[in-house]
Every structure is written in C-alpha cells, then in structure tokens.
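In what follows, a single structure is set out as structure tokens and then discussed.
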Amino acid sequence: MPIRHLEAPFVVIGGGLGGLAAAITAARLGVRVILTESSDWLGGQLTSQGVPPDEHEWIDRQPISPSYSEMRERIRDHYRREYPLADAMRATVNLNPGDGFVSRLCHEPRVGHLAILEMISPLQASGLLTVLTEHEPTAVLRDGDRIESVRLVDRRSGDEVVLRGRFVADATELGDLLDLGGLDHVIGAEASYDTGELHAPLVADPLDQQAITWCAALELRPGESHVIDRPQNYEHWRTAVPSFWPGPQLSWVDVEPITLERRERPIFFGSPEDAVGNDDLDLWHYRRILSRRAMTPEWGGTDVTLVNWPQIDYWDAPLVDVDAAAKAAALAGARELTTSFIYWLQTEAPRSDGGTGYPELRPRGDVLGTPDGLAKEAYIRESRRIRALFTVTEEHIGREMRGEGAGSALFPDSVGIGFYRIDLHPSTSGRSYVDIDCYPFQIPLGALIPRDVTNLLAANKNIGTTHITNGAYRLHPVEWSIGEAAGALAAYCLDTAASPEAVHADRTRLEDYQQLLSGRLGIALAWSDEIRTRGSRSEAVASVVRG
C-alpha cells in the first residue's frame, strides 16, 4: 500500500486528555487539526487507562477552565439523561454517579469516552478536526531545529501515514516523539545536586520510574460465582515480597504513603451486601464508578468499582529507556499482576465477614471497552520529559521547601493552574512512596517549550517538571490544562507568525497570549491567595486518596 500523506497547521500526536484538550482548543480557535491516538478510545487516563479523575478539592468551586468543566458536565448529563437515577441523586448539582471518595466525579470510563465523542463531533463535522485512532508513531523527521513530519502506522491494517504540520504537539503517554526525534530529554529521577530538591535522590537514576498499573473493573454480584482462570504465574505474585513492602502484594497489607508505616485495608469493612448502602472508606468505595444506591429500586444493576489499588502497582520493570521486548514484557507483567490479584480476590482473600474469597466479584470489561475486565491500556504515571526553557522543581511548589504559609511560586508566564499532592508511587528502582505536601500551583509556559526545537510543544506528562514535581503535575485536570495551553499557543503562533520561544521571551506577546487564555477561553491563570497559601486536604484523607 502507498504511504498516505496528510497535512494540517497543527498536528497532535497522542489523544489522552492533554492531546484532546490541545486539539479541541486549537480547532475551536479556527485552526485545522489532525489528532492521532494509539488506542481506539480518546481520553487516555480518563478512559482507555480506566482511571476516574483525580482532582483537587476546589474543582467545583474554582474551575480551571470552561472546557474541562464542559467535559465533566457532559459526563454528568449523560447519567441524568440515560440512567434511572434516584430523585435525590438526580437533583444533586455536583452529581457523583459512583459515589466513590477518590473524586467528586467517579464514573464509568465508557461514559467518559461517550462525552468526549460528543465534544469533538461538531469539530469533526466542520472539517476542523481529523481524528486517527489506533495510529502509533514510528518515526520523526527533523530538519535542524524543526519537526518536519511524523510517520505513524495503523495498528489495524499496518498501513503507514506521514503527517506534516507547522506545529506539532507531543501528547503521547510516554513522550514518544522526544525519543523518535532525538530531542534532548530527561528520564527517571534527577540527582538532588542537579535540581536542589529536598526529596530527590543523591544519584540520578534513569530507571527510577513510577509503577504502572493495569486497572480493572469489578461488579458485586451476591450469591453468584465468577471466578476467572488461575493465571500462569499466580504463585509468583502470591508469594513474592518486594524489599520495600511489608509482604506479598496479594494481601490487604500495604504501607501508608506519607509515613510508610504498615497498614491493613480490606476491600470491605463488613459484608459485601452492607457495602452497597454505606459510605465506608474501604477499597470498594475508593473508586466506585457505579452505585446501586444512586439508582431507583427498579434498576437491575449493582455496584461496580474500579481497581487502581497498591496491590496492582507494577514496579518490577520500567517502560522507558528499554528495548521493545523489555517494554512488552513489562506490560505483560502488569496485566498478569492484575489478573492474579483478581483471582486472589475471588479465591483466597480473607473476608471481613469470615471465610476466604469473594467469588461474587465479576469482571466488568464492558465499562472499559474490553472483554476481560481489564482496561484497554496501562495507566502511565511518568513519561520522558523535555529539556524545557523552564523546569518546575520542588522548591517552586513543595510546602516543606517553601515554608509554611508561603504558597507556591508565582509564575509571570502562567498558562493555567492545578493542584495535587506530590504523589510518587513505588518505583522500578525499588523505592517506596514519596508523598509530599505541596501548594496549589501554576503551570508556567516555559515548561511547555523545549530548548532544542522551535515547532514542537509538550502537551502531556512530558513537560518541564522533575521526577519529583511530575508527581503533582501528572493528574487529569492538570494534563488537560497543559494541553489546552499548548493548543491555544499553536493557534496564537499561527495567527501572529511568532515562535513559541518568542512568545515566552516578549512581554507584550506573552500578555497578549495570556489574554487569549483568560479572556476569550476563560482559563484561570492564578489561584486566589487564600487557596494558593493554604495547600492540601487533611493528611487523614490524603493517605487514602491516591492516583
């Protein structure tokens, strides 16, 4: 088959939340955009990776942007339109369909996918947005400091396509274009002598990468049995004890992320039947995405929860800076850990109401778009990161480094706001949690612009953060804001014939671009002083709320 060639002013590679926001923003500003995604679903961590949004506690009081709020409300409206919600739940302004406590919006990934399709539908119909799903980038052609084209392969047919754009956004989950294009980038953990960070390791370690997680969905079906086949290497996962962990992962014992003290937390505090009607802070309610209690009595369904728990964090091997065979082996290992945990849950897990095993837990792949109950893709927490014009470090946002009540650093080139604790999961180097309190922060424009190319923008977890600060900048609303800023920047540069670096360097251009963000697009560029200096939720809640 001949290679297809497509061209648009703005090409976005990667259709997670960052890439999606970049494409929607630019297209709504009148720019023709090509958006590609390796999965068959857009939305990344929200949908194909199976993780309901991890959001800050002010998300409904101080929205980050109208477009992110629109996506959240489209999800809520789908439930209001199509589901038999109980009257009290339907009348709730900030509807939480699953009533999970990790987020103010716990929902089925499938419904997130539907809401995204609604958002982009008019843009596709207008011809402003072309979407290529199941397309994987394989090569980047550079001419000096410019990206000339990106080559992709269709995962279904094997056909190749070459995309050209005046501006290109790398919104892939692992920063793939940085590697393919030979851009200067950072992998893993930097040394403390390089970043000056209090919690960075003494020695840099490229293989110190946060655990990935292959999420799954489980439904509670009392009185039934849905035991899966025993995984081939189940005995390994059942008995292996990592050096930094208090026992095998297949158990109710883990560590408290802040203090690293041993703790025990079961899936239910009592009987599974009682869990349907209560608000326990157990694992079942943690990421519950469908609540029986939210529906009318006539509804035939029951509770469904999303499994993204410490028991399935895969830290045995990294995904980045390894060959294709090692990457494939790591992904397979993550899948097998999750299926082993499900089998353990169904057959050997100690029950809080006596006995062992919960055979009534049924994998629900339909809410994830799969036949086996596992998400389409692994949940990625860490990516390659650009060598940016500016790098956010712990000193800019960390409470301990900045001092009590100081608030985060104020960035004159702010393009958005965000907040999440600096939350690093156990890593492939054998390190346990690093969990650090921080202040609500801004997103600086300089962190989106690489030093060594003029027409590429970072639009995902690949911005100019460190291994430490990535732990706060990697979650759903921040990723959206990063992509939104990148899309608006591409539109502004196309309209004014300025380069991203020139916008960053020139005060007048910068203020003009920021006016586009805050004025026309309604994006918040700063926190109120009260919130900026206040910081996070209580440690009691923070210790159980993790992404």
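The values are calculated or read from the model by the stated rules, or taken from the named source; none is laboratory data. For clarity, every value in this text was computed on a predicted model and none was experimentally measured. Ideal geometry is used to build each Cβ from the backbone, glycine not excepted, and the neighbour counts take in all protein chains shown. Note: areas computed on protein heavy atoms with side chains; ligands, DNA, RNA excluded. Shrake-Rupley method; radii C 1.70, N 1.55, O 1.52, S 1.80 Å.
Among the residues of segment 391-426, those that are open to solvent by less than 10 Å² (accessible area, probe 1.4 Å) and among the β-branched types (Val, Ile, Thr) comprise Val392, Ile397, Val415, Ile417, Ile422.
When Ala472, Ala459 are checked against the criterion of being open to solvent by less than 10 Å² (accessible area, probe 1.4 Å) and farther than 28 Å from Arg509 by Cβ, Ala472 stands alone in meeting it.
Could you please let me know if Glu382 is open to solvent by less than 30 Å² (accessible area, probe 1.4 Å) and within 20 Å of Gly430 (Cβ to Cβ)?
yes
Rundown of residues vs (1) buried (at least 22 other Cβ atoms within 10 Å of the Cβ); (2) closer than 18 Å to Ile380 by Cβ, yes/no style:
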{"residue": "Ala139", "(1), (2)": "no, no"}
{"residue": "Asp145", "(1), (2)": "no, no"}
{"residue": "Arg155", "(1), (2)": "no, yes"}
{"residue": "Val162", "(1), (2)": "no, no"}
{"residue": "Gly165", "(1), (2)": "yes, no"}
{"residue": "Ala169", "(1), (2)": "yes, yes"}
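Does any residue of segment 89-96 turn out to be open to solvent by less than 10 Å² (accessible area, probe 1.4 Å) and touching a residue at least 40 places away in the same chain (Cβ under 8 Å)? The answer is no, given that none of the residues of segment 89-96 is open to solvent by less than 10 Å² (accessible area, probe 1.4 Å) and touching a residue at least 40 places away in the same chain (Cβ under 8 Å).
It is to be established whether one or more residues within segment 502-513 are in contact (Cβ under 8 Å) with a residue 60 or more places away in the chain and surrounded by fewer than 24 Cβ atoms within 10 Å (Cβ to Cβ). Yes, that holds for at least one residue. Which of the residues that make up segment 256-280 are in a loop (DSSP other than H, G, I, E, B), modelled with pLDDT of 85 or more and open to solvent by 40 Å² or more (accessible area, probe 1.4 Å)? Listed by number, the residues that qualify are Ile258, Thr259, Leu260, Glu261, Phe269. Set side by side, the residues Pro122, Pro63 differ, and just one is at pLDDT below 95, surrounded by fewer than 21 Cβ atoms within 10 Å (Cβ to Cβ) and within 19 Å of Ile24 (Cα to Cα), which is Pro63. Taking each residue of segment 368-384 that is touching a residue at least 12 places away in the same chain (Cβ under 8 Å) and looking for partners that are among the acidic types (Asp, Glu) with beta-carbon atoms closer than 7 Å, six or more apart or interchain, yields Ile380/Glu173; Ser383/Glu173; Arg384/Asp179.
Conditions (1) within 12 Å of Ile228 (Cβ to Cβ); (2) over 25 Å from the mean Cα position of the chain (by Cα); (3) crowded, with 18+ Cβ neighbours inside 10 Å, marked per residue:
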residue: Ala326; (1), (2), (3): no, no, no
residue: Ala332; (1), (2), (3): no, no, no
residue: Leu337; (1), (2), (3): no, no, yes
residue: Thr347; (1), (2), (3): yes, yes, no
residue: Arg351; (1), (2), (3): no, yes, no
residue: Pro359; (1), (2), (3): yes, yes, no
residue: Arg364; (1), (2), (3): no, no, yes
residue: Ala375; (1), (2), (3): no, no, yes
residue: Leu389; (1), (2), (3): no, no, yes
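Looking across segment 75-119, the residues that are among the hydrophobic types (A, V, I, L, M, F, W, C), assigned to a helix (DSSP H, G or I) and within 21 Å of the chain's Cα centre (by Cα) come down to Ile75, Val111, Leu114, Ala115, Ile116, Leu117, Met119.
So that you can scan it fast, the table gives a plain yes or no per residue for (1) of a type in the set (A, V, I, L, M); (2) open to solvent by less than 10 Å² (accessible area, probe 1.4 Å):
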residue: Ala8; (1), (2): yes, yes
residue: Gly19; (1), (2): no, yes
residue: Ala26; (1), (2): yes, yes
residue: Ser38; (1), (2): no, no
residue: Gln49; (1), (2): no, yes
residue: Pro52; (1), (2): no, yes
residue: Glu55; (1), (2): no, yes
residue: Trp58; (1), (2): no, yes
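Mind checking which residues of segment 187-207 are in contact (Cβ under 8 Å) with a residue 12 or more places away in the chain, within 12 Å of Ile468 (Cβ to Cβ) and not in a loop (DSSP other than H, G, I, E, B)? Of everything in segment 187-207, those that are in contact (Cβ under 8 Å) with a residue 12 or more places away in the chain, within 12 Å of Ile468 (Cβ to Cβ) and not in a loop (DSSP other than H, G, I, E, B) turn out to be Ala189, Thr195. Taking every residue in segment 33-57 that is on the phi > 0 side of the Ramachandran plot and touching a residue at least 12 places away in the same chain (Cβ under 8 Å) and pairing it with any residue that is part of a loop (DSSP other than H, G, I, E, B) and small (Gly, Ala, Ser), at least 6 positions away or on another chain, the pairs with Cβ-Cβ distances below 6 Å are Gly50/Ala375. Among the residues of segment 158-167, are any assigned to a loop (DSSP other than H, G, I, E, B), small (Gly, Ala, Ser) and farther than 30 Å from Glu37 by Cα? No, there is no match, as no residue in segment 158-167 is assigned to a loop (DSSP other than H, G, I, E, B), small (Gly, Ala, Ser) and farther than 30 Å from Glu37 by Cα.
Can Phe269 be described as closer than 22 Å to Gly357 by Cβ and hydrophobic (A, V, I, L, M, F, W, C)?
yes
For Ser121, state whether it is touching a Pro at 6+ places or on another chain (Cβ under 8 Å), without any contact (Cβ under 8 Å) to a residue 12 or more places away in the chain and not hydrophobic (A, V, I, L, M, F, W, C). The answer is no for Ser121. Every condition in (1) at pLDDT 95 or above; (2) under 30 Å from Ala191 (Cβ atoms) is met by Asp321 except one, and the failing one is (1). Filtered by the rule that a residue be farther than 20 Å from Phe341 by Cα and among the aliphatic types (A, V, I, L, M), segment 252-267 gives Ile258, Leu260. Among residues of segment 286-307 that are within 24 Å of Leu345 (Cα to Cα) and assigned to a loop (DSSP other than H, G, I, E, B), those with a Cβ under 9 angstrom from a residue that is open to solvent by 40 Å² or more (accessible area, probe 1.4 Å) and among the basic types (Lys, Arg), sequence gap 6+ or separate chain, pair up as Gly301/Arg292; Thr302/Arg221; Thr302/Arg292; Asp303/Arg292; Asp303/Arg293. Consider Ser518 carefully, then state whether it is without any contact (Cβ under 8 Å) to a residue 60 or more places away in the chain, open to solvent by 40 Å² or more (accessible area, probe 1.4 Å), of a type outside the set (Lys, Arg) and within 23 Å of Gly14 (Cα to Cα). No: the conditions fail for Ser518. For segment 208-230, the tally of residues that are in a strand (DSSP E or B) and surrounded by fewer than 16 Cβ atoms within 10 Å (Cβ to Cβ) stands at 0. Scanning segment 451-473 for residues that are among the hydrophobic types (A, V, I, L, M, F, W, C), within 17 Å of Ala22 (Cβ to Cβ) and part of a loop (DSSP other than H, G, I, E, B) returns Val453, Ala459, Ile463.
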